[in-house]
1. If you check residue 85 against the conditions, is it open to solvent by less than 90 Å² (accessible area, probe 1.4 Å), touching a helix residue (DSSP H, G or I) at 6+ places or on another chain (Cβ under 8 Å) and modelled with pLDDT of 90 or more?
2. So the check is Cβ under 6 Å with 6+ separation or different chains; which pairs have a first residue in segment 29-50 that's over 10 Å from residue 19 (Cβ atoms) and a second one that's of a type in the set (Phe, Trp, Tyr) and not in a strand (DSSP E or B)?
3. What strands (runs of 3 or more DSSP E) completely inside segment 12-60 contain at least 1 residues that are closer than 19 Å to residue 2 by Cβ and modelled with pLDDT under 85?
4. Please give the number of the condition residue 29 fails out of (1) surrounded by fewer than 17 Cβ atoms within 10 Å (Cβ to Cβ); (2) more than 11 Å from residue 85 (Cα to Cα).
Amino acid sequence: MDSCHVLQSIPGFADAQVIRKLAQGITGRTFLVRRAMQDYVLRLRSDEAALFVADGFAEHEFAGAAYAAGLAPEPIFCSADRQVLLRRFSSGQVWSESLLTADRLGTLARLLGRLHQIPVEPVSHDWAEEVLLRY
């Protein structure tokens, strides 16, 4: 999947530009995207992403819950095949080992505690029900 081609398929993002590649790892490739002076993160999920979150749609839904709780940037788009995810970009510094002080680890622990307190509704594994609910 080419990131520029993928942007063409996202409603309202045909004129968006890929600014740079952000990361590539086991869960996929991510890109910084700009549209109308707003920055976004485009994520192209890899097959291995299912090792961590089996369903890209569920990942998108969880991201929405984290956004509503003030813990994550707003999710914008999830493709029908669940392999393309788009969210608003959140600027900041990636913590390296040298930056992991006791205070920052405490902050991280509190944020993770808040994240894990978000109520999650059970998801049906009945494919027909899932399709109807999404439709």
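The values are calculated or read from the model by the stated rules, or taken from the named source; none is laboratory data. Since this is a predicted model, take the numbers as computed values, not measurements. Counting neighbours? That spans all protein chains shown, and the Cβs are built from the backbone with ideal geometry, glycine included. Each accessible area value is taken on the protein alone, full model and side chains, heavy atoms only, with ligands, DNA and RNA left out. Shrake-Rupley method; radii C 1.70, N 1.55, O 1.52, S 1.80 Å.
1. Working: open to solvent by less than 90 Å² (accessible area, probe 1.4 Å): yes; touching a helix residue (DSSP H, G or I) at 6+ places or on another chain (Cβ under 8 Å): yes; modelled with pLDDT of 90 or more: yes.
Judged against the criteria, residue 85 is a match.
2. If the second residue must be of a type in the set (Phe, Trp, Tyr) and not in a strand (DSSP E or B), the pairs left are 35/13; 41/89.
3. Details: elements: 17-25, 28-35, 38-45.
Of the strands (runs of 3 or more DSSP E) lying wholly inside segment 12-60, those with at least 1 residues that are closer than 19 Å to residue 2 by Cβ and modelled with pLDDT under 85 span 17-25.
4. The failed condition is (2).
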